[in-house]
1. Looking at (1) touching a helix residue (DSSP H, G or I) at 6+ places or on another chain (Cβ under 6 Å); (2) open to solvent by less than 70 Å² (accessible area, probe 1.4 Å); (3) among the hydrophobic types (A, V, I, L, M, F, W, C), which is the one condition that is false for Ala58?
2. I'd like to check something: does segment 67-74 contain any residue that is surrounded by fewer than 17 Cβ atoms within 10 Å (Cβ to Cβ) and at positive phi?
3. Every residue in segment 156-180 that is open to solvent by less than 60 Å² (accessible area, probe 1.4 Å) and either within 15 Å of the chain's Cα centre (by Cα) or among the polar types (S, T, N, Q) (or both), please.
4. Would you confirm whether any residue within segment 102-119 is surrounded by 15 or more Cβ atoms within 10 Å (Cβ to Cβ), in contact (Cβ under 8 Å) with a residue 24 or more places away in the chain and over 21 Å from His158 (Cα atoms)?
5. Being open to solvent by 50 Å² or more (accessible area, probe 1.4 Å) and in contact with a Gly (Cβ under 7 Å, 6 or more places away or on another chain) is the filter here; which residues of segment 75-86 pass it?
6. Tell me yes or no: at least one residue of segment 24-32 is over 24 Å from the mean Cα position of the chain (by Cα), over 23 Å from Asn148 (Cα atoms) and loosely packed, with under 13 Cβ neighbours inside 10 Å.
7. Just checking: which of the helices (runs of 4 or more DSSP H) contained wholly in segment 1-82 hold 2 or more residues that are touching a residue at least 12 places away in the same chain (Cβ under 8 Å)?
8. Taking the stated definitions as given, is Thr147 open to solvent by less than 80 Å² (accessible area, probe 1.4 Å), under 23 Å from Ala195 (Cα atoms), touching a Gly at 6+ places or on another chain (Cβ under 7 Å) and not aromatic (Phe, Trp, Tyr)?
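The values are calculated or read from the model by the stated rules, or taken from the named source; none is laboratory data. Note that the coordinates shown come from a computational prediction; the quantities given were computed from them, not determined experimentally. Glycine also receives a Cβ, built like all others from the backbone with ideal geometry; neighbour counts cover every protein chain displayed. What goes into the accessible areas is simple: the full protein's heavy atoms, side chains included, and nothing from ligands, DNA or RNA. Shrake-Rupley method; radii C 1.70, N 1.55, O 1.52, S 1.80 Å.
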Amino acid sequence: MADNQSLERLIQALRRLPGVGVRSAQRMAFHMLQHDREGARALASALEGAVDQVQHCAQCHTFTEAEVCATCLDPRRDHSQLCVVETPADQSALERTGAYKGVYFVLQGKLSPMDNIGPRDIGLDKLFDRIDGVVGAEPIREVILATNFTAEGETTAHVIQQGLKQRGVKVTRLARGVPVGSELEYVDLGTIAHALVDRR
C-alpha cells in the first residue's frame, strides 16, 4: 500500500521490540493512531530523548544520563562488593529486592559461541579492569556472579570464575532453589536437584 508507507514503517519499527509479532505491532499502531495520538507523540518524544541522553556508566556499564551512575557514586554502598549481571534489567530486579548494598558490573549480554558472541563482545576485559583497579578507586574483595541460570549464563559465570582464579578475589554465585511459597510437587526436577545441592 503505497499511500500507507508511514503506517507500515511504524508497524515494522514496533516489530523490533522483543516478543512483538506482526499482529501485535499492527494492534499497537492502529490503537495509537486511532485512539491515542497524544500518547504516540509522547512515546516518540520519550524514545528520542532516551536514545540521545542515555549512555553506559563509565564504571559499571548500566544505563545513566551522567558519566557515572548514582549507584556507583553512592558512598553508602559497599564498593568492595561487585555483583555481575547480564543486563540493566537484571540489575533493576536485584535492586527492587532491597537486599543488596554493594555495586554492580553490567555485562553487555552473555557468552554464546553459537551466535559468535565472545568475551570481548560482552565486556569481560572491562570487568577484569574494574576488578584489577584500573577503573574505580576501591579494591574489590568479593565478586558475586548473578548471571542467569541458562546454559549461556552458566558458561559466562564459569569463564569469569576462571579469569578471577589468579586474582585473589572471593567469588560467589547466586544460590538456586525452590521459589518461596511453592509446593514441591509442582517445582521442576532441575530446580529441586539444585536446591538439594545448594542446601544450607
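1. Unmet condition: (1).
2. So far as segment 67-74 goes, no, none of its residues is surrounded by fewer than 17 Cβ atoms within 10 Å (Cβ to Cβ) and at positive phi.
3. Step one: of segment 156-180, the residues open to solvent by less than 60 Å² (accessible area, probe 1.4 Å) are 156-157, 159-160, 163-164, 169, 171-172, 177-178.
Within segment 156-180, Thr156, Ala157, Thr172 qualify.
4. Yes: segment 102-119 contains one or more residues that are surrounded by 15 or more Cβ atoms within 10 Å (Cβ to Cβ), in contact (Cβ under 8 Å) with a residue 24 or more places away in the chain and over 21 Å from His158 (Cα atoms).
5. Let us first name the residues in segment 75-86 that are open to solvent by 50 Å² or more (accessible area, probe 1.4 Å), namely 75-76, 78.
Across segment 75-86, the qualifying residue is only Asp78.
6. Our first condition is that a residue be over 24 Å from the mean Cα position of the chain (by Cα); within segment 24-32, this holds for 24-32.
Those left that are additionally over 23 Å from Asn148 (Cα atoms): 24-32.
With the extra rule that they be loosely packed, with under 13 Cβ neighbours inside 10 Å, the set shrinks to 31.
Yes, that holds for at least one residue.
7. Details: elements: 5-14, 22-35, 37-53, 70-73.
Filter on segment 1-82 gives 5-14, 22-35, 70-73.
8. On the way: open to solvent by less than 80 Å² (accessible area, probe 1.4 Å): yes; under 23 Å from Ala195 (Cα atoms): yes; touching a Gly at 6+ places or on another chain (Cβ under 7 Å): yes; not aromatic (Phe, Trp, Tyr): yes.
Taking the combined requirement at face value, the residue satisfies it.
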